[in-house]
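To start, the structure under review is shown below, and the notes come after it.
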Amino acid sequence: MPDLTDRVVLVTGGSRGIGAATAIAAATAGADVAIGYREQAVAADSVVAGIRDLGRQAVAVQADVSDPHGAEQIVREVEDTFGSIDGLVNNAGIMPSSPLTDMSNDEWTAVLQTNLSGPFYCSRAALPGMLRRGRGSIVMISSRLAQVGWPELAHYAASKAGLLGLTKSMAREYGSAGIRVNAVAPGFTITDMTRHIVDTDAGRRRLAELPAPRFPEPEDVAAAVVFLLSDQATAFHGQTLNPNGGGFMQ
Ligand code: NAP
């Protein structure tokens, strides 16, 4: 079992889905946990209550990570509350879909700003504190679609592929300073982002692609993230773990 005792973990997009499961898993492993969210305060409060029920400290911060000031605000508030951030999980993301020829500039920009620039802004804000302490673990939530591409999700796949380049570059830049940067690339995971697809023909086709007929749950992804946050993963730098049910094999 990975141990995060005495660690502070910030999970962006922690109000729902993979982020909420990661926040609870990190608290179960012993961390105090801060979650970020954009709009859904009730959901965020429920995750905070779940973390406190586990005997850990928790706080929720509303901020838009696609805005550099929002990303700086969330990091500052968490550092002011807990004194440090040992683990940063860049999880907040959106997935609208459009054929490329119909894709508006605004939709393209919103996806890139949230899914790629957001992790850059949050990491840039959290790194100085990690560098001062000489330790930290950053985990980017990428996607299987970064590895295989997907029709009508070109912006999403591009943003998530960009995250893998960001991950490897940061891992090389800061590994010698005690900071590890890795990625997790989930496959189709049942959350608010995907639930509407499960019982469609497209969902059934995607299930049929998997070696075992089961879509991963958010907790499956959270387990990989908590491992990367922990000292059990000290040999992992710039790596991508793939809790995808076998939908993509490297
Ligand atoms: P989800 O259930 O839709 O939750 C998205 C989370 O991100 C929510 O907490 C939301 O906050 C937050 N968020 C969105 N935009 C934000 C912004 N601009 N600023 C701050 N917070 C923002 O999504 P999910 O399925 O758990 O996905 C989590 C991550 O995993 C995403 O990066 C997604 O791309 C990735 N992923 C998901 C799957 C999948 O199949 N589900 C597969 C591969 C990768 P509010 O609650 O306030 O709206």
Exercise for the section: Search the range 115-136 for residues that are under 16 Å from residue 169 (Cα atoms) and pair each with any residue that is open to solvent by 30 Å² or more (accessible area, probe 1.4 Å) and within 14 Å of the ligand (Cβ to nearest atom) when their beta-carbon atoms are under 6 Å apart and the residues are at least 6 apart or on different chains. Expected result: 121/68
Practice task
At least 3 residues that are among the aliphatic types (A, V, I, L, M) and within 22 Å of residue 115 (Cβ to Cβ) in each: list the helices (runs of 4 or more DSSP H) lying fully within the range 185-238 that qualify.
Solution key: 218-229
Exercise for the section: Could you tell me whether the range 37-57 includes any residue that is outside any helix (DSSP H, G or I) and either within 16 Å of the chain's Cα centre (by Cα) or within 23 Å of residue 170 (Cβ to Cβ) (or both)? Expected result: yes
Problem - Which listed residue is under 20 Å from the mean Cα position of the chain (by Cα) and in a strand (DSSP E or B), from 182, 244 - result: 182
Handout entry: Restricting the range 174-218 to residues that are more than 8 Å from the ligand (Cβ to nearest atom) and acidic (Asp, Glu), the residue that is least open to solvent (accessible area, probe 1.4 Å)
Key = 217
Practice task
Can you confirm whether the range 88-98 contains a residue that is more than 23 Å from residue 184 (Cα to Cα) and open to solvent by 20 Å² or more (accessible area, probe 1.4 Å)?
Solution key: no
Exercise for the section: Please give the number of the condition residue 150 fails out of (1) within 11 Å of the ligand (Cβ to nearest atom); (2) buried (at least 18 other Cβ atoms within 10 Å of the Cβ); (3) more than 10 Å from residue 238 (Cβ to Cβ). Expected result: (2)
Problem - Residues that are surrounded by 18 or more Cβ atoms within 10 Å (Cβ to Cβ) and more than 8 Å from the ligand (Cβ to nearest atom), drawn from the range 60-73 - result: 60, 61, 71, 73
Practice task
Go through the range 156-179 and give me each residue that's of a type in the set (A, V, I, L, M) and not in a helix (DSSP H, G or I).
Solution key: 179
Exercise for the section: Within the range 82-90, identify whether any single residue is under 23 Å from residue 17 (Cα atoms) and part of a helix (DSSP H, G or I), and answer yes or no. Expected result: no
Handout entry: Residues that are within 15 Å of the ligand (Cβ to nearest atom), open to solvent by 10 Å² or more (accessible area, probe 1.4 Å) and under 20 Å from residue 224 (Cα atoms), drawn from the range 24-49
Key = 24, 25, 47
Exercise for the section: Please state which one of 101, 109 is in a helix (DSSP H, G or I), hydroxyl-bearing (Ser, Thr, Tyr), open to solvent by 40 Å² or more (accessible area, probe 1.4 Å) and within 14 Å of the ligand (Cβ to nearest atom). Expected result: 109
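The values are calculated or read from the model by the stated rules, or taken from the named source; none is laboratory data. For clarity, every value in this text was computed on a predicted model and none was experimentally measured. Please note: Cβ atoms are built from the backbone with ideal geometry, for glycine as well, and neighbour counts cover all protein chains shown. To get the accessible areas, we keep the full protein, side chains included, count just its heavy atoms, and leave off ligands, DNA and RNA. Shrake-Rupley method; radii C 1.70, N 1.55, O 1.52, S 1.80 Å.
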